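Here the structure is laid out as structure tokens; the discussion comes afterwards.
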Amino acid sequence: MTKVRTLLVDDNRPFLILARHLLASFVEIEVIGEAYDGEQAVRLAEELKPNLIIMDLAMPNMGGLQATRLIKAQDAPPVIVIASHYDDAAHREFVAQVGAEGFINKRSYENDVIVIVRRLLKEITDA
Amino acid sequence: MPESRVLVIEADAARADNLRAILEFVDFRANVVEDASQIAIAEHRQQDWLAVLVGDTDLASLDEFIAWLRRDRRHPPLIVVQAKHELLMQRYDLDPSACLPLDMPVRYGQLSDHLKRASLLQMERDLGARPGSGPTGNSAVMRRVRKLIEQVAAFDTTVLVTGESGTGKEVVARAIHERSARREHPFVAVNCGAIPSELLESELFGHEKGAFTGAITARRGRFEMADGGTLFLDEIGDMPLSMQVKILRVLQERSFERVGANRSSHCDVRIIAATHRNLEDAIIKGTFREDLYYRLNVFPIETPPLRERAEDLPLLIDDLIRNQEQAGHGSVRLAPDAVNALRHYHWPGNVRELSNLIERLAVLHPHAVVDAASLPRRYCPDLPAGDAVTSFRDAAPAPIAADVTTAHAQPDPAASTTTLAVLPPEGLNLKDHIEAIELALIRQALASSGGVVAHAAKLLNTRRTTLVEKLRKYGLTRDDGEDGEAAVGAAVAF
């Protein structure tokens with residue numbers, strides 16, 4: 001079956017370890033790499049060509065918004081979802097402006113992720 | 001460049017330790033110095049810190065540091081202990097938004113508010129908006145735009161900026177503000193299309209305490225924040241009709257009500273609106289109010305698409321690279337064949353697309369000369385293809401509908417904790433791993449207690465306050481000023 005090749009980006013390593021385990025139970029998702037800041041994410045997005053990136057906002061060196069802008073400048077860019085614990089109008093406004101496709105709350109991470117992944121897969125089948 | 005680091009300047013060792021502990025607890029990195037002379041400013045950029053926290057310290061060395069900090073117009077805010085706040089505000093003639101008071105002993109709510117404000121400022125910088133001198137270019141169309149800006153700036157006339165996405169409508173709006181008598185007052189931008197419509201009213205007009213579920217405290221809206229200055233209503237064409245009526249009223253009467261308020265507030269705000277949509281078409285379709293259109297379209301300015309001013313491209317590229325260098329974000333050069341390829345591109349994303357491309361090249365090829373072959377394929381389709389890149393969305397549809405619709409049972413959260421406790425052959429980082437297990441257990445406890453922290457704390461046999469602290473540490477608190485007891489939000493796409 002088609003799997004959604006996913007890159008995880010977060011500077012909080014315990015969270016990444018947990019995220020990998022939480023996502024491991026969904027057959028639709030294949031985690032193909034991890035990045036710990038935005039700059040690495042830009043490089044890995046070019047190198048690994050994931051279908052989906054799930055990205056934190058505040059990270060050292062380069063944050064999630066800037067990285068999203070730069071990744072969206074690559075050929076056939078991946079779908080990008082921002083995972084944040086700040087959830088208010090101002091944050092959603094910024095995230096929408098840089099071209100990210102979604103915004104999820106870290107607290108309901110795996111449930112939110114799978115909803116988005118299934119929608120993406122459905123888009124492909126409907127295409 | 002975003003950074004979760006906070007610079008702490010504090011001579012009192014005990015207080016410095018205390019501040020460091022608090023900051024680290026809420027997942028910020030603290031960089032502590034006794035006085036500002038210990039900061040090697042030659043090795044830093046102003047943007048290296050999210051905020052600068054100032055306590056008791058030697059003022060002479062602080063003078064030099066603050067002077068350096070302020071060389072960057074968008075420097076991180078100072079957070080100053082209450083006892084020193086007035087003094088520093090006056091000594092450095094700081095804007096209240098750039099110098100925030102901090103009570104001692106530290107109150108979590110206040111510090112967290114300040115850091116959130118700093119983070120929003122940083123996000124604004126991160127969006128790539130540059131407070132420059134206005135639109136760049138020598139083409140006739142751009143010279144005309146600059147002339148219009150000069151003509152209208154000095155008056156309080158409402159301006160409507162139209163043009164495709166990425167053509168620099170906000171650059172025009174900022175240039176008008178900078179040249180107006182309101183320049184010392186705030187310029188506040190709102191992207192009406194990017195804010196979920198149910199949040200837009202309270203975002204624009206603010207709300208009173210208790211106006212709706214979750215309105216724990218009263219809050220100022222963007223109209224109030226822009227008082228005395230300019231409010232930039234971007235993507236006004238995406239604003240729901242119900243909000244258009246309210247904007248019309250502000251334009252007519254200069255007054256509005258906070259959500260849940262029963263008295264009107266007066267506001268002194270110049271409005272600049274912008275949209276990439278054709279509002280006349282929208283009026284015919286019934287999605288935009290004609291009366292609002294005429295109120296906004298007092299002085300129209302159209303920003304031309306980049307493809308209609310290809311002659312500006314080399315100048316724009318130089319300008320963008322110079323900005324990049326000045327901000328300390330690295331550098332890059334384009335070979336003549338690359339510039340030539342870019343001249344022939346149709347630029348659907350306009351200057352914003354060019355700016356993102358330059359920034360991206362500076363990250364991927366720092367200080368190198370980039371030739372046409374190293375540009376993303378879409379800029380030079382005639383060159384032999386490098387890696388075959390297929391878009392996810394272009395991928396051949398696989399018969400997976402059944403898999404999608406016969407939804408898998410939600411994963412058993414307990415299983416993930418069990419598998420977390422297996423040592424992989426390559427080894428692991430024990431501290432990170434233990435924290436991941438702790439985090440998994442906390443999330444399970446929250447899930448089975450419906451998100452109520454007090455009940456989850458019982459399941460974990462821990463104090464509620466301890467759990468609240470851990471939630472903050474792991475970034476699991478909702479940003480509602482409470483203990484994160486609100487229900488879990490659903491995934492939302494735009």
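Which FRET efficiency value, to the nearest 0.05, is calculated for B:Q326 and B:A181 with the Förster distance at 45 angstrom and r the Cβ-Cβ distance?
Details: r = 28 Å, r/R0 = 0.63.
Plugging the Cβ-Cβ distance into 1/(1 + (r/R0)^6) gives 0.95.
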Order of B:Y108, B:Y345 from fewest to most other C-beta atoms within 10 Å?
-> B:Y108, B:Y345
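Sort B:F288, B:F299 so that the residue with the fewest other Cβ atoms within 10 Å of its own Cβ comes first and the one with the most comes last. Numbers along the way, then the final one.
Working: B:F288 23, B:F299 16.
Least crowded to most crowded, the residues run B:F299, B:F288.
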If R0 is 35 Å, what FRET efficiency do you get for B:A368 and B:S139 from their C-beta distance, rounded to 0.05?
-> 0.75
Inter-probe distance in nm under a simple model that places probes 7 Å from Cα toward Cβ, at B:R91 and B:M225 = 3.0 nm
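How high is the relative contact order of chain B? Use alpha-carbon pairs under 8 Å, at least six apart in sequence, and give a whole percent. Write out the running numbers ahead of the final one.
Working: 692 pairs, mean separation 54.5, N = 494.
It comes to 11 percent, rounded to a whole number.
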How much of the DSSP beta bridge set in chain B is antiparallel, as a percent to the nearest 5?
-> 10 percent
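Which pairs, out of B:K116/B:K431; A:K106/B:K470; A:K3/A:K49, put more than 24 Å between their alpha-carbon atoms?
Numbers: B:K116/B:K431 28 Å; A:K106/B:K470 14 Å; A:K3/A:K49 13 Å.
Over 24 Å Cα-Cα: B:K116/B:K431.
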Principal axis dimensions, segment B:5-126 - Cα atoms, whole angstrom, descending = 32, 31, 28
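Fewest Cβ neighbours within 10 Å first, please rank B:T303, B:T466 accordingly. Before the final figure, lay out each step's value.
Values: B:T303 24, B:T466 11.
With the sparsest Cβ surroundings first, the list reads B:T466, B:T303.
What full-extension length gain, to one decimal in nm, is calculated for B:E64 and B:D12 as 0.36 nm per residue of separation minus the Cα-Cα distance?
Details: separation 52, 0.36 × 52 = 18.72 nm, distance 2.05 nm.
Going from the current span to full extension adds 16.7 nm.
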Where both residues lie in the protein assembly as shown, what percent of DSSP beta bridges are antiparallel, nearest 5?
-> 10 percent
At 20 °C in a medium of viscosity 1.002 mPa s, the protein assembly as shown has a Stokes-Einstein diffusion coefficient, with Rh taken as the Kirkwood radius over alpha carbon pairs, in µm² per second, of 82 µm²/s
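We did not get these values from a lab; they are worked out from the coordinates using the rules stated. Here the structure is a predicted model, which is why all the values come from computation and not from measurement. No Cβ is skipped: glycine too gets one built from the backbone with ideal geometry, and neighbour counts run over all protein chains shown.
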